[in-house]
Amino acid sequence: MVKELGKNRENCKLVPNILDRMFGRFLNHATIFVYHRVANVSHDPHLLCVSLKNFENQIKYLKENFDVVPLSQIINNLKSHKIKNKTISITFDDGYADNFYNALPILEKFNVCATIFVTTGNIDSQENFYWDKDTNKEDRGRSMTKKEIGKISAHNLIEIGAHTVNHPNLKKIDLNKQTLEIDTSKKALENILGKKIDGFAYPFGSKNTFSKETIKAVKQVGFRYACANTQKRIYSFSNVFAIPRILLRDWDTDILKEKFKNF
């Protein structure tokens with residue numbers, strides 16, 4: 001029955017949810033986790049920060065209990081419908097500078113790779129991301145500079161992807177503006193790095209923040225895959241242009257282990 005349900009992804013939009021609920025524990029599945037910031041702050045109204053201590057303990061736990069692989073490897077497995085059990089990937093959204101200064105040394109310590117999806121509008125700017133305006137000034141993070149993006153991209157553990165220019169809810173703007181946000185961020189990063197950018201992550205990433213038209217624009221611009229943020233695992237039938245990810249918060253290891261029961 002599982003094989004029959006999974007044969008035709010296009011003709012059965014409910015298959016992923018049905019299979020996840022009914023057969024998820026028996027099917028091969030991978031998981032992509034998403035972070036935003038690694039920083040010690042006193043005020044974090046949007047719950048975007050994971051402390052350095054908790055991040056290190058989380059990465060240590062994941063490294064010891066799972067096969068942590070580059071996101072590109074999971075993408076290739078998904079495209080060939082050969083998802084491998086207990087494989088996970090680490091991603092970051094937005095492109096905060098603390099990804100370079102705080103997260104990278106910890107990733108290096110455990111030899112863990114990650115993909116950073118960069119919002120390009122604030123690169124080399126003194127402006128904070130718009131959602132950080134209600135955060136204490138001393139606790140606000142800044143975007144990486146071109147120089148920092150170049151340095152972190154050159155690291156063998158890091159891949160770079162695009163995350164629009166201004167981080168809008170794409171579904172709420174017209175298609176021309178969506179395409180401009182998607183295409184411009186891709187070209188900006190390609191100009192900075194001198195190489196092709198294959199991956200994209202939808203801002204916010206929940207189902208009500210992108211549409212079929214958004215996915216079509218992502219494909220037309222030339223991305224190879226796109227990540228959402230829908231709190232689900234990945235199966236061989238998952239949509240490569242709406243790949244689910246699971247958000248990790250500032251949890252200690254005990255809480256993380258408990259959360260895994262729900263993942």
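The values are calculated or read from the model by the stated rules, or taken from the named source; none is laboratory data. As the structure is a prediction and not an experimental result, all values here were calculated from the model. Note that we place each Cβ from the backbone using ideal geometry, even for glycine, and neighbour counts take in every protein chain shown.
Checking the stretch 153-165 against the condition returns a match, with at least one residue being farther than 20 Å from V38 by Cα and either surrounded by 15 or more Cβ atoms within 10 Å (Cβ to Cβ) or modelled with pLDDT under 95 (or both).
Yes/no per residue for (1) surrounded by 15 or more Cβ atoms within 10 Å (Cβ to Cβ); (2) at pLDDT 95 or above; (3) over 30 Å from N40 (Cβ atoms):
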residue	(1), (2), (3)
Y202	yes, yes, no
K212	no, yes, yes
K216	no, yes, yes
V221	yes, yes, yes
S238	yes, yes, yes
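Taken as a whole, the condition of being modelled with pLDDT under 95 and either hydrophobic (A, V, I, L, M, F, W, C) or within 25 Å of A162 (Cβ to Cβ) (or both) does not apply to N122.
Here V15 fulfils each of the conditions (1) touching a helix residue (DSSP H, G or I) at 6+ places or on another chain (Cβ under 8 Å); (2) at pLDDT 95 or above apart from (2).
Among the residues of the stretch 92-124, those identified as outside any loop (DSSP other than H, G, I, E, B) and either without any contact (Cβ under 8 Å) to a residue 24 or more places away in the chain or among the aliphatic types (A, V, I, L, M) (or both) are Y101, A103, L104, P105, I106, L107, A114, I116, V118. Given the condition touching a Leu at 6+ places or on another chain (Cβ under 9 Å) and in a loop (DSSP other than H, G, I, E, B), answer yes or no: does some residue in the stretch 208-227 qualify? Checked the stretch 208-227: at least one residue is touching a Leu at 6+ places or on another chain (Cβ under 9 Å) and in a loop (DSSP other than H, G, I, E, B).
Could you tell me whether S238 is under 24 Å from H29 (Cβ atoms), touching a residue at least 24 places away in the same chain (Cβ under 8 Å) and not charged (D, E, K, R)? It is true that S238 is under 24 Å from H29 (Cβ atoms), touching a residue at least 24 places away in the same chain (Cβ under 8 Å) and not charged (D, E, K, R). Taking A188, is it surrounded by 16 or more Cβ atoms within 10 Å (Cβ to Cβ), out of contact with any Gly (no Cβ under 8 Å at 6 or more places or on another chain) and in contact (Cβ under 8 Å) with a residue 24 or more places away in the chain? So A188 fits the description; yes. A single member of I197, I160, I149 is assigned to a loop (DSSP other than H, G, I, E, B) and closer than 17 Å to V118 by Cα, and it is I197. Please go through the stretch 77-91 and pick out each residue that is surrounded by fewer than 18 Cβ atoms within 10 Å (Cβ to Cβ) and not in a loop (DSSP other than H, G, I, E, B). Within the stretch 77-91, K79 is the sole residue that qualifies.
Looking across the stretch 92-110, the residues that are crowded, with 17+ Cβ neighbours inside 10 Å and at negative phi come down to F92, D93, Y96, A97, D98, N99, F100, N102, A103, L104, I106, L107. Tally the residues that are among the aliphatic types (A, V, I, L, M) and under 15 Å from the mean Cα position of the chain (by Cα), restricting the search to the stretch 205-263. So the count comes out to 9. Within the stretch 163-190, the set of residues being assigned to a helix (DSSP H, G or I) and either within 17 Å of the chain's Cα centre (by Cα) or under 18 Å from F92 (Cα atoms) (or both) comprises L170, I182, S185, K186, L189. The single condition among (1) without any contact (Cβ under 8 Å) to a residue 60 or more places away in the chain; (2) over 21 Å from F92 (Cα atoms) that L193 does not meet is (2).
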